[in-house]
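These notes concern the structure reproduced below.
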Amino acid sequence: MTLNNLLSQSSEWLRGTGADSQIVISSRIRLARNLSDFSFPQWADKKERKEALSLMRGVLFKIKYLKNGLFAELDGLDVLDKQFLLERHLISREQTRGRNCKAVVISEKEIISVMLNEEDHLRIQVLQSGFNLSDAWRLINELDEQLEQKLNYAFSPQWGYLTACPTNVGTGLRASLMLHLPALVMSKQIGNILQTLSKLGIVARGLYGEGTEASGNFFQFSNQLTLGRSEEDIIDNLERVVRQIVNYEEERRKLLLKQKREILYNQIWRAYGVLKNSYFINSGETMNLLSMVRLGADLSILKDVELRKVNELFLLTQPAHLQKIEGKKLNAYQRDVKRAELIRERLK
């Protein structure tokens with residue numbers, strides 16, 4: 001596999017399938033793990049990070065899920081390729097910055113990715129379509145057990161898995177669900193929900209996780225606590241909270257259809273018309289308009305628009321993807337032209 005192979009396939013989490021996929025875009029579980037025989041990456045020198053990377057690479061490609069995967073060293077990638085991987089949710093912002101001897105291993109269908117020498121030695125991630133945390137947990141738990149048989153994890157009987165950041169100590173588990181919530185935003189109910197979440201041990205972030213704001217009516221919800229609770233309890237709590245948010249969004253969509261039908265139809269068809277007929281469009285406007293088109297597809301107002309196609313456009317219209325598709329670097333103006341062209345072609 002190469003990075004260009006990724007460009008020619010659709011990410012698994014964009015399939016638009018699975019439970020509640022009209023609202024829940026994807027389910028992700030991430031585990032933070034460190035090696036007991038090495039200093040944590042931020043404190044290790046180059047020689048030690050290089051040795052740790054070599055050890056982890058050798059072990060990872062013996063795991064059945066990763067045998068035919070892609071190994072990419074971040075040192076060998078330019079800024080555009082790093083941004084490309086970030087846009088596909090395969091690496092973090094932290095992984096694109098700073099020190100050398102960083103890498104990522106990606107499974108064939110992009111369900112699994114493992115960041116090496118990020119904040120921790122291993123950041124193991126499983127990402128799937130729809131409301132599917134239980135399957136994601138089963139897969140990542142099996143993968144983690146196989147790795148633990150071959151690697152000496154940093155573990156304390158008192159504290160659990162040891163991590164570079166204290167907020168990850170314990171299970172080292174972060175579960176998250178990405179939701180599309182246009183009706184709650186339009187009805188101005190989202191603010192009340194976000195204020196309540198912190199009391200329930202849930203944090204809300206934007207499309208690209210920590211440090212990003214919500215755009216296109218997308219929100220990521222994840223657990224705050226990793227210590228003092230089992231993995232199953234963490235996942236169960238997140239599922240219960242998000243299930244309520246999904247129900248609220250469904251109720252608001254029904255109310256909009258009943259009480260503000262003409263306004264809703266107008267916004268959806270206007271968004272569709274602008275996207276189909278634009279020759280120049282920036283990424284911010286694209287996200288907001290695609291959000292309305294996605295809502296129209298979910299509600300069968302736009303009957304000929306496929307949910308998967310809209311999901312893919314959210315990704316393909318990002319800056320790095322546009323430039324990878326074009327095969328060269330583009331300035332902001334050129335990206336806005338290319339973005340409009342791509343959308344017109346896809347919605348034809």
Query raised in the report: Which of the residues belonging to the range 147-183 are under 16 Å from residue 203 (Cβ atoms) and among the basic types (Lys, Arg)?
Result: 174
Requested in this report: Could you check the range 166-273 for strands (runs of 3 or more DSSP E) lying wholly inside it with 1 or more residues that are surrounded by fewer than 18 Cβ atoms within 10 Å (Cβ to Cβ), touching an Asp or Glu at 6+ places or on another chain (Cβ under 8 Å) and at positive phi?
Outcome: none
Query raised in the report: Which ones in the range 327-348 are surrounded by 14 or more Cβ atoms within 10 Å (Cβ to Cβ) and in a helix (DSSP H, G or I)?
Result: 334, 335, 336, 337, 338, 339, 340, 341, 342, 343, 344, 346
Report summary line: Of all helices (runs of 4 or more DSSP H) fully inside the range 8-107, the set with 3 or more residues that are within 28 Å of residue 331 (Cβ to Cβ) is 79-87, 93-96
**Report entry** Single residue of 306, 285 found to be surrounded by fewer than 22 Cβ atoms within 10 Å (Cβ to Cβ), at pLDDT 95 or above and either under 22 Å from the mean Cα position of the chain (by Cα) or among the acidic types (Asp, Glu) (or both)
**Finding:** 285
Requested in this report: Identify the single condition in (1) in contact with a helix residue (DSSP H, G or I) (Cβ under 8 Å, 6 or more places away or on another chain); (2) in a helix (DSSP H, G or I); (3) not acidic (Asp, Glu) that residue 284 does not satisfy, given that it satisfies every other one.
Outcome: (1)
Report task. Please state which one of 140, 202 is β-branched (Val, Ile, Thr), in contact with a helix residue (DSSP H, G or I) (Cβ under 8 Å, 6 or more places away or on another chain) and assigned by TED's automatic domain parsing to the domain that holds residue 10. Result -> 202
Query raised in the report: Is one or more of the residues making up the range 311-326 more than 23 Å from the chain's Cα centre (by Cα) and in a helix (DSSP H, G or I)?
Result: yes
Query raised in the report: Within the range 116-161, restricting attention to residues that are in a strand (DSSP E or B) and within 14 Å of the chain's Cα centre (by Cα), which residue is farthest from residue 11 (Cα to Cα)?
Result: 123
Query raised in the report: Do you know which of the residues in the range 303-334 that are among the charged types (D, E, K, R) and touching a residue at least 24 places away in the same chain (Cβ under 8 Å) is nearest to residue 4 (Cα to Cα)?
Result: 324
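The values are calculated or read from the model by the stated rules, or taken from the named source; none is laboratory data. Please read all numbers here as calculations on a predicted model, not as lab measurements. Note that each Cβ is placed from the backbone with ideal geometry, even for glycine, and that neighbours are counted across all protein chains shown.
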